Amino acid sequence: MASAKSLACLPRASLVAEHERCVRAHAAWFAAPRQAPLRSDVRTNLRGKLLVCHCAGKPCHAEVLAAWANSRMPVCSLVD
């Protein structure tokens, strides 16, 4: 994982790639079996809510949560 200092030196394309990698890593972590209680809480507490983030126009951690909260799909399908 890149540090904040090293990220400041990356070209824009690399920053976008790192951002996308982080969102995929978050989705994989969220899909892990040990996160089942968290997924249950997300579905109960976030279903139908509008999640807002500063990532507008880019993949987002909030999109992972919203997709799970508002669907019946298995979370593993969100990792791709």
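Values quoted throughout were computed directly from the atomic coordinates according to the rules given, and no laboratory measurement underlies them. Fair warning: this is a prediction, and the values are worked out from it, not measured in the lab. Note: ideal-geometry Cβ built from the backbone for every residue, glycine included; neighbour counts use all protein chains shown.
Listed values, structure above:
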item	result
Point-to-point label distance, Lys58-Ala32, nm (Cα→Cβ direction, 7 Å offset)	2.4
Inter-site label distance for Ser40 and His19 at 7 Å from Cα along Cβ, in nm	3.5
Sequence ranges 20-28, 42-50, ranked by mean other-Cβ count within 10 angstrom, highest first	20-28, 42-50
